[in-house]
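A quick write-up on the structure given underneath.
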Amino acid sequence: MTYKKNRYKYPVEELTVYAKEALERRGVKLEQIAEIIYSLQKDYVNDLDLETCMYHLEKVLEKREVVHAILTGIAIDEIAEKDLFDDPILSIIKSDEGLYGIDEILPLSIINLYGSIGLTNFGYLDKEKTGIIRELDLRKDNVVNTFLDDIIAALAAASASRLAHSYQKHEDK
């Protein structure tokens, strides 16, 4: 099997920039995600600071699967805001219907990169909706964040998991 050089139109570094810009456009700052990561791990990692949380978030954002999920979820929310889906799916997405569930499935591609702790962190954040996740979930002024709030929870969960795995490696030495 031969590997095709440059098989992707967009290098992951470029996609990461697009994803960060999309998050910013939707009112999400990376520092807000880092605060959630900190809240998840502060009791388990000695001397944890926001800089360390940002480092792990940046590393998660370097993954192609992650930026694909971010860009896809935000695109779906924005298309729904413009009423470009037909009903019934338009109404389901815009109302963030409880049994829809697809908005939780897309972020699984992010959390599955870092093991089962990512899943438990995600479940916790999806239920508790802390920080920017809560703000996005409650915002209803003609803005659709059905996918975005779950993507932010997944980014925080995956980053916290990456941090925990990294910290454990240091502890094992």
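The values are calculated or read from the model by the stated rules, or taken from the named source; none is laboratory data. Note that the structure is a prediction, hence the values are computed from the model and not measured. Here the Cβ is made from the backbone with ideal geometry for all residues, glycine too, and neighbour counts use every protein chain on show.
The table for this structure:
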item: Qualifying residue in the range 146-164 (condition: modelled with pLDDT under 95, under 20 Å from residue 39 (Cα atoms) and not aliphatic (A, V, I, L, M)); result: no
item: Condition broken by residue 117, with the remaining ones in (1) modelled with pLDDT under 95; (2) within 22 Å of residue 17 (Cβ to Cβ); (3) of a type outside the set (S, T, N, Q); (4) touching a His at 6+ places or on another chain (Cβ under 9 Å) satisfied; result: (2)
item: Among the residues listed as 84, 90, 71, the single one being of a type outside the set (Ser, Thr, Tyr), within 23 Å of residue 131 (Cβ to Cβ) and without any contact (Cβ under 8 Å) to a residue 60 or more places away in the chain; result: 71
item: Condition met for residue 133 (closer than 26 Å to residue 55 by Cα and surrounded by 20 or more Cβ atoms within 10 Å (Cβ to Cβ)); result: yes
item: Any hit, the range 115-129, residues being β-branched (Val, Ile, Thr), over 17 Å from residue 44 (Cβ atoms) and part of a helix (DSSP H, G or I); result: no
item: Filtered residues of the range 120-129 (kept if more than 23 Å from residue 76 (Cα to Cα) and surrounded by fewer than 22 Cβ atoms within 10 Å (Cβ to Cβ)); result: 120, 124, 128
item: Qualifying residue in the range 92-102 (condition: farther than 14 Å from residue 145 by Cα, of a type outside the set (Lys, Arg), in contact with a Ser or Thr (Cβ under 7 Å, 6 or more places away or on another chain) and surrounded by 14 or more Cβ atoms within 10 Å (Cβ to Cβ)); result: no
item: Odd one out for residue 140, checked against (1) charged (D, E, K, R); (2) surrounded by fewer than 18 Cβ atoms within 10 Å (Cβ to Cβ); (3) in contact (Cβ under 8 Å) with a residue 12 or more places away in the chain; result: (3)
item: All positions within the range 86-134 that are under 18 Å from the mean Cα position of the chain (by Cα) and among the polar types (S, T, N, Q); result: 109, 112, 116, 120, 121, 130
item: Evaluation of residue 112 against (1) within 24 Å of residue 35 (Cβ to Cβ); (2) touching a Ser or Thr at 6+ places or on another chain (Cβ under 8 Å); (3) surrounded by 15 or more Cβ atoms within 10 Å (Cβ to Cβ) (one fails), failing number; result: (2)
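Per-residue answers, yes or no, for (1) in contact with a His (Cβ under 8 Å, 6 or more places away or on another chain); (2) hydroxyl-bearing (Ser, Thr, Tyr); (3) modelled with pLDDT of 95 or more; (4) under 21 Å from residue 24 (Cα atoms):
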site: 38; (1), (2), (3), (4): no, yes, yes, yes
site: 56; (1), (2), (3), (4): no, no, yes, yes
site: 59; (1), (2), (3), (4): no, no, yes, yes
site: 83; (1), (2), (3), (4): no, no, yes, no
site: 91; (1), (2), (3), (4): no, yes, yes, no
site: 113; (1), (2), (3), (4): no, no, no, no
site: 127; (1), (2), (3), (4): no, no, no, no
